1. Give the residue from Leu159, Gly44, Ala400 lying farthest towards the positive end of the charge dipole for the chain; charges sit on Cβ (+1 for Lys and Arg, -1 for Asp and Glu) and the dipole is referred to the Cα centre.
2. Give the shape of the stretch 411-540 as rounded, prolate or oblate, defined through the alpha-carbon gyration tensor: a ≥ b ≥ c are the square roots of its eigenvalues, a/c under 1.5 means rounded, and otherwise the shape is prolate if a/b is larger than b/c and oblate if not.
3. Pick the calculated Kirkwood radius over Cα pairs in Å for this structure from (i) 24.6; (ii) 25.4; (iii) 27.5?
4. Between Asp207 and Asp62, what is the FRET efficiency for a Förster distance of 30 Å, r being their Cβ-Cβ separation, to the nearest 0.05?
5. Enter the Cα centre distance for the pair the stretch 101-118 and the stretch 540-617, rounded to the nearest angstrom.
6. How large is the dipole of the chain about the Cα centre if only Lys and Arg carry +1 and Asp and Glu carry -1, each at its Cβ, rounded to the nearest 20 debye?
7. How high is the relative contact order of the chain? Use alpha-carbon pairs under 8 Å, at least six apart in sequence, and give a whole percent.
8. Nearest 10 degrees, 0 to 90: what angle lies between the long axis of helix 614-632 and the longest principal axis of the chain (Cα atoms)?
Amino acid sequence: MVEIAPYGTWTSPLSAADVAASGVSAQWLGTAGDEVWWAEARTGEGGRVTLVRSRADGTVEDVLPAPWNVRNRVHEYGGRPWLVMDDVLVFTHWADQRVYRRDLTTGETTALTPEPTTRHGIRYGDLRPGRPGEVWLVRERSTGPRRADIARDLIALPLGGGTARVLAASHHFLTAPQLSPDGARAAWIGWNHPAMPWDGTELCVADVLEDGTFGPHRVLAGAADVAVCQVEWETADSLLALLDPSGWWNLHRVGLDGESTNLAPVEQEIGGALWKLGARWFTQLGGGKHAVLASGKLAILDEATRQVTPVAAAADLTAWSTNGFAVHAGGIAGVAAGPEREGAVLEIDLDTGSLTELASVPAPPSPDYLSTPAERIFETEDGARVPAFVYLPANADFAAPDGERPPLLVYPHGGPTGRDSAVLDFEIAYFTSRGIAVVTVNYGGSTGYGRAYRERLREQWGVVDVADCVAVAEALAAEGTVDGDRLAIRGGSAGGYTSAASLTTTTTYRAGTVMYPILDLYQWTGEGGETHDFESRYLDGLIGPLPETEQRYLDRSPINNAGTLAGPLLFLQGLEDEICPPEQADRFVAGLAGRGIEHAYLRFEGEQHGFRKAETIVAALEAELSFYGQILGFETPGVATLPLSR
């Protein structure tokens, strides 16, 4: 029998521990011979990332036992961390950031790079096959005391051991070089401050000299306002690259003379923000066909018809991982999710349309307890269209009293150059199955909608994102879908900034949760230099160049506007975060002491940017639920009460 109970008080079969253990946290998928390999994060093992392979007979096994942790800190977000060459596995290990080789026959593992001698040491990432007996990759070195004191170069590591050879250092930021089919040239992508890789990058090619070094590089494509986000050799004389001169990332053929041809001009994003080195959005199928990720969905680009056609068998998979996508046995293997499926390792046979799950996942709760996202388009006061995904409360055992409307959590994504998709997310289901609605908002600045939509946020961060989220929340309240008196906002990283900025510049929300946030813009990227090198000039585009726009940094920093907080805040912070360091939240919370504003601050040892340990995920979710219950006025059965300070 269905029980009548207020929204927010419903009991759910989905616990915080279930959320921590849910899905396959697979990443960096690729192939080795006839096998599919991927890295897999294990929340129950302290967030360790192991390496897994699916053999031709369908058996799945771990390749690397504990304590090996296949991860690296290049750009702090990491780059492709493993590569198989013949019977040798090469990988990066999180604990010391060194590169190791493992003989797949004997299991013998040896280090290929020196032991670190400084706190930040040397990092390596984006492993690629080089000349015979070599792996090519990006090396990142600390050159001073600040987080942004970093230099990078492209190097070759001999698999047999020995000194690394420097190949090139064309730009401040680089992707690893790729060797042409004839071994005569190498290609890579580079860019310099203050550009981010979605602003403007350059496709570089250099001759490989007899001694294995590179000659002077030439720029074949890209510009200050054209971003190359992926490149692959097609033949010895031509490359395939994703460029956006039209305002949309499309697949182009680029000759060694720099001539470029768009293979299928479409107003779709076949490409995205290069947050992690080694991300990919296309792979070659042969015969003039290419598998592509078009606005997050799997499709086939046919050069003959100049069309991009969605793969019918993958119609319900709305979000494919860009760091896990490869051709295998005539089909496509990857990590994908959809409205009724959390991320899983899958393989699609392009001839038959059959879909095979390569990695088993924990069985989800009955669909009766899961909310299916509805895509909506909302409109701001100035007429801008804002896409969002609405997750309404769903629980087969409960219904709300007549006339009651649910509380709403507005959930802006990180980045802010990121994107949300219509997917099943157990973290969201944790709230919706308890009677709390959630909406994820692709505010101006999000990827997936072309350069013009991304540029809506140029010098407008803290304005456009805040206004777009407010427009969505208030529209849902005005139409009676949610309770306008019980609106809250939650977000992590850049989403944490938007959440804090929203609570200090608007009166729309009653409360907010900010996870590993940016709170002091000037100290984050200006004189304080509190963030890492990759994003240390990000705010040039999002806020404006310094020192000319210094006042704008101060005015839009939530830490300077705490006196106008619209409601209580919950802070969740990892203590090893080099991207949004704890100093920011520490200062904000210290400033709230004794001011009568309810707040709580949970700090987590051993966590970086985003939470990876099962115990952290459980503690954070349960604290957040208790926080909303206390502020928005509903009981939270089965969850300990979070102490609030004033």
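1. Leu159
2. Since a/c reaches 1.5 and a/b is larger than b/c, the shape of the stretch 411-540 is classed as prolate.
3. Computing Kirkwood radius over Cα pairs in Å and matching it to (i) 24.6; (ii) 25.4; (iii) 27.5 gives (ii).
4. The pair Asp207/Asp62 has a calculated efficiency of 0.15.
5. 39 Å
6. 940 debye
7. 12 percent
8. Long axis of 614-632 versus the principal axis of the chain: about 30 degrees.
We did not get these values from a lab; they are worked out from the coordinates using the rules stated. Since the model is a prediction, treat every value here as computed from it, not as a measurement. Because the Cβ atoms are built from the backbone with ideal geometry, glycine has one as well, and the counts that use them run over all protein chains shown.
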